[in-house]
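One structure is given below, encoded as structure tokens.
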Amino acid sequence: MQAALERRTLAKMTQERIRIVSICGSLRDRSINAAVLRAAAKRAGPAAEAQLFHGLDKLPHFNPDHDHEFAPPPVQSLRDTLEGASVVLFSMPEYAGSLPGSFKNLLDWTIGSGSLYRMPVGWINPSAHGGARDAFRALRLVLEKAGANIIETACAEIPVGRDDVDPDGEIKDDVLLQEIAAVVAALAAAATMQKMDEKKHGA
Ligand SMILES: Cc1cc2nc3c(=O)[nH]c(=O)nc-3n(C[C@H](O)[C@H](O)[C@H](O)COP(=O)(O)O)c2cc1C
């Protein structure tokens with residue numbers, strides 16, 4: 001856990017810009033959650049760069065026997081992506097009252113490696129009518145177990161309907177885009193604070 005944190009701190013010290021990694025918990029082609037994260041990536045601003053993680057469907061089923069330093073390549077790719085992250089933004093649907101199985105599988109691969117330990121994290125719940133709250137409660141529990149730094153101002157419900165996503169998969173509504181941008185700004189501010197704190201303490 002400490003080793004992952006030290007590698008991440010070193011990576012961040014050589015990075016000029018904040019890196020926002022987004023992870024979508026839906027594999028659906030026209031996913032609303034993916035559209036939200038694409039919109040968030042475009043609002044990262046000049047001081048930040050955004051990266052969407054695309055390997056969710058490549059991850060093998062979690063098996064503690066394979067959860068070691070030399071993990072299967074798709075797992076290594078996830079860990080490398082997280083090692084380069086300043087902050088992580090999640091968005092996912094709820095399936096049958098909880099997290100999508102493939103997404104929980106991804107989270108399970110981050111525990112042993114400490115990939116989310118002390119990582120500033122936030123999320124956007126785009127479900128309408130108060131949906132998906134149980135899934136986001138479950139996400140909070142997992143992130144607490146992972147030792148992540150949950151940035152409360154970067155955890156938001158921003159209902160996005162299917163009609164809010166155009167045929168190109170883009171969200172065009174200005175109010176929604178402003179709300180999404182506020183989450184990104186809160187995460188970027190948390191990353192900046194953490195960077196300053198690490199510099200101050202000579203990490
Ligand atoms: C199998 C299945 C189960 C679902 N269960 C829930 C649920 O328990 N609660 C909920 O709010 N929505 C549920 N939904 C609705 C999805 O969360 C919703 O369609 C969401 O927009 C999908 O996200 P996506 O567009 O990013 O794929 C379910 C959808 C499917 C396909």
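Rule-based calculations on the coordinates, nothing more; no lab input. Keep in mind that what you see is a predicted model, and the values were worked out from it rather than measured. Glycine gets a Cβ as well: all are built from the backbone with ideal geometry, and neighbour counts include every protein chain shown.
7 Å from Cα along Cα→Cβ at both Glu198 and Glu6: what's the point-to-point distance in nm? The answer from the label model is 1.4 nm. Where both bridge residues fall in the range 2-200, DSSP classifies roughly 10% of the beta bridges as antiparallel. Computed extension gain for Ala47 through His129, at 0.36 nm per residue and net of the alpha carbon distance, reaches 26.1 nm. Summarising the label geometry, the points placed 7 Å from Cα in the beta-carbon direction at His61 and Gln76 lie 2.4 nm from one another.
Close amide H contacts of Gln51 (hydrogens built in the peptide plane, cut-off under 5 Å, sequence separation of 5 or more or a different chain): Ile20, Val21, Ser22. Listed by chain and number, the aspartates and glutamates placed with their C-alpha closer than 13 angstrom to that of Lys172 are Asp163, Asp164; residues fewer than eight positions away on the same chain are left out.
In terms of other Cβ atoms within 10 Å, Glu198, Glu152 run from fewest to most in the order Glu152, Glu198.
Relative to its Kirkwood radius, the Cα radius of gyration of the range 59-125 gives an Rg/Rh of 0.96.
By the beta-carbon count within 10 Å of each Cβ, the least crowded to most crowded order of Met193, Met119, fewest first, is Met193, Met119. Which FRET efficiency, nearest 0.05, do Gln178 and Arg28 yield, Cβ-Cβ r, R0 30 Å? Once rounded, the FRET efficiency stands at 0.75.
Taking 19 Å as the cut-off, the amide N atoms of the range 105-119 that come nearer than this to a point 7 Å along the Cα-to-beta-carbon line of His68 belong to 109-115. With springs only between Cα atoms under 10 Å apart, run a GNM on the chain and tell me which of Glu157, Glu69, Glu94 wobbles the most. Checking each option, the largest mean-square fluctuation is seen for Glu69.
Short to long, the 10 Å bins of the Cα pair-distance histogram for the range 2-200 hold 9, 38, 37, 15, 1 percent of all pairs.
Let a ≥ b ≥ c be the square roots of the eigenvalues of the Cα gyration tensor of the range 38-91; is it rounded (a/c under 1.5), or, if not, prolate (a/b larger than b/c) or oblate? Prolate, since a/c reaches 1.5 and a/b exceeds b/c. Once the Cβ-Cβ distance between Ser102 and Glu144 is put in as r, and R0 is 25 Å, what FRET efficiency do you end up with, to the nearest 0.05? The value I calculate is 0.75.
Rounded, prolate or oblate, given the Cα gyration tensor of the range 5-105, with a/c below 1.5 counting as rounded? Cα axes put the range 5-105 in the oblate bin.
Over 25 Å apart at the Cα level, from the set Lys58/Lys104; Lys145/Lys200; Lys145/Lys199, are Lys145/Lys200; Lys145/Lys199. Extension gain for the segment Asp168 to Tyr95, taken as residue separation times 0.36 nm less the Cα-Cα distance, is 23.8 nm to one decimal. Choose one answer from Leu141, Leu89, Leu78: the residue with the largest mean-square fluctuation in a GNM of the chain with alpha-carbon springs under 10 Å. Per the Cα network of the chain with a 10 Å cutoff, Leu141 tops the list. Would you mind working out the magnitude of the charge dipole of the chain relative to its Cα centre, with +1 at each Lys and Arg C-beta and -1 at each Asp and Glu C-beta, to the nearest 20 Debye? My answer is approximately 440 debye. Each residue of the range 168-181 was assigned a 3J(HN,Hα) from its phi angle through the Karplus curve 6.51 cos²θ - 1.76 cosθ + 1.60 (θ = phi - 60°); the sequence is 8, x, 9, 9, 10, 5, 4, 5, 4, 5, 5, 5, 5, 4 Hz, with glycine and proline shown as x.
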